[in-house]
Amino acid sequence: MKKYLPLKVLLIVWLPTLTLLSCREHHDELDQATAFMLSDTMMQRIVLDDVRTEPIRNELVLVGKVIPDENQVIKVFPLVGGHVEEVNVELGDFVRKGQILAVIRSGEVADFERQMIQAQSDLLVAQKGLKTAEDLFESKLSPERDVIAARREVDRAQAELERVNEIFRIYGLGKSSNYVVKSPIDGFILQKNVNRDMQLRSDNAESLFTVGQIADVWAIANVNESDIPRIHLGMKASIQTISYPDERFEGVVDKIYNVLDPDTKALRVRIRLKNSGYKLKPEMHATVFLNFEEKEQMASIPAEAVIFDRSKYWVMVFRSRTDIETRAVEVFRTLADRAYIQAGLQEGEKVISKNQLLIYDALND
């Protein structure tokens, strides 16, 4: 016959055992909690960002190209025909205002020089004639109408000289038969349509040079009809180029062309961009990103704070240097600099957005 121990004896036996197990688990939790603590050096190397609720940003991705600011582009035409003796610049050169671009020997310039000499001579003759007429009139040897006629002749000669001087000023002519083509502004040679020893006609309709400033440039992009309602003046934009794939150039939409292109059936928009360092070149192909906000709001953190591992997204939630949680999150959308989290984070929590991978590896190895 089996004998059973009384219940009191069982409780007395098991209670110390449970107490020992509970104490052991408690010590294990304490050991685990204190096993990881950020050092002072690591605290200085991390960056903390608050989780904030904000309107969800979205972006349109368009195809475009870089062009110079048309308000800062000047075409240089020859005002006379002749033989091109010198061409001093090449395509892409930077030039200063007043710099000589080309020299043309022209028969028209020689004719203007002849007109200048003739006008100066006619004025001297007219002035002498007036003085003679005034002397004769004072001596009662000629009528007053002769003085009036002489003054008219001086006025005519003076007007002719002023006309020729104005031609010299407009054409920038000197004292030789050479016509000097100068740059009207500081800028780059964007087009060059002349070479040495070319013969130019006086009725030439083609510009010799195109000079443009590219400190500011435009990007022209095509917007599909379905996306037109999202476009407005002043919206933020950025572009990427093949030459600089890891760099985005920021700008704003400053013009919407309210006519659809008949060939592409797309609406053109213009983005103005600062071009420091002249990295953006005219005619570069560009990917254009137009940013806009949606009505819905969601938790937002820096995109670099998100870690992708084991087919999930994770963030490091910081409470204190001894209390850092590896938390799985659901990412709704990631833009260039922000990630929108639809589950897993609350507004006001802090996440680590720099060197978080080091902490992630240390906690999850």
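Derivation of every value follows stated rules applied to the coordinates shown; laboratory data play no part. Just so it is clear, the structure is predicted and the values come from calculations on it, not from any experiment. Every residue, glycine among them, receives a Cβ derived from its backbone with ideal geometry; neighbour counts consider all protein chains shown.
Among the listed residues Lys281, Lys255, which satisfies the condition of being within 12 Å of the chain's Cα centre (by Cα), of a type outside the set (A, V, I, L, M, F, W, C) and closer than 20 Å to Pro68 by Cβ? Explain how you work it out, then say what you get.
Working: Lys255 fails: within 12 Å of the chain's Cα centre (by Cα).
Every option except Lys281 fails the conditions.
Within the stretch 138-188, track down each residue that is farther than 25 Å from Leu91 by Cα and of a type in the set (Phe, Trp, Tyr).
We begin by selecting, within the stretch 138-188, every residue farther than 25 Å from Leu91 by Cα; these are 138-170, 173-177.
Residue satisfying the conditions is Phe168 alone.
What number of residues within the stretch 132-147 satisfy the criterion of being exposed (fewer than 13 other Cβ atoms within 10 Å of the Cβ) and either hydroxyl-bearing (Ser, Thr, Tyr) or in a helix (DSSP H, G or I) (or both)?
Taking the stretch 132-147 and keeping what is exposed (fewer than 13 other Cβ atoms within 10 Å of the Cβ), we get 135, 138-141, 143-145.
Subsequent filtering for residues that are either hydroxyl-bearing (Ser, Thr, Tyr) or in a helix (DSSP H, G or I) (or both) retains 135, 138-139, 144-145.
The number of residues fulfilling the criteria is 5.
Of all residues in the stretch 301-346, which are touching a helix residue (DSSP H, G or I) at 6+ places or on another chain (Cβ under 9 Å), loosely packed, with under 15 Cβ neighbours inside 10 Å and part of a loop (DSSP other than H, G, I, E, B)?
Arg321, Thr322, Ala336, Asp337, listed by residue number.
If I filter the stretch 250-285 down to residues being farther than 26 Å from Leu91 by Cα and acidic (Asp, Glu), which single residue comes out as surrounded by the fewest Cβ atoms within 10 Å (Cβ to Cβ)?
Filtering the stretch 250-285 for residues that are farther than 26 Å from Leu91 by Cα and acidic (Asp, Glu), the one surrounded by the fewest Cβ atoms within 10 Å (Cβ to Cβ) comes out as Asp263.
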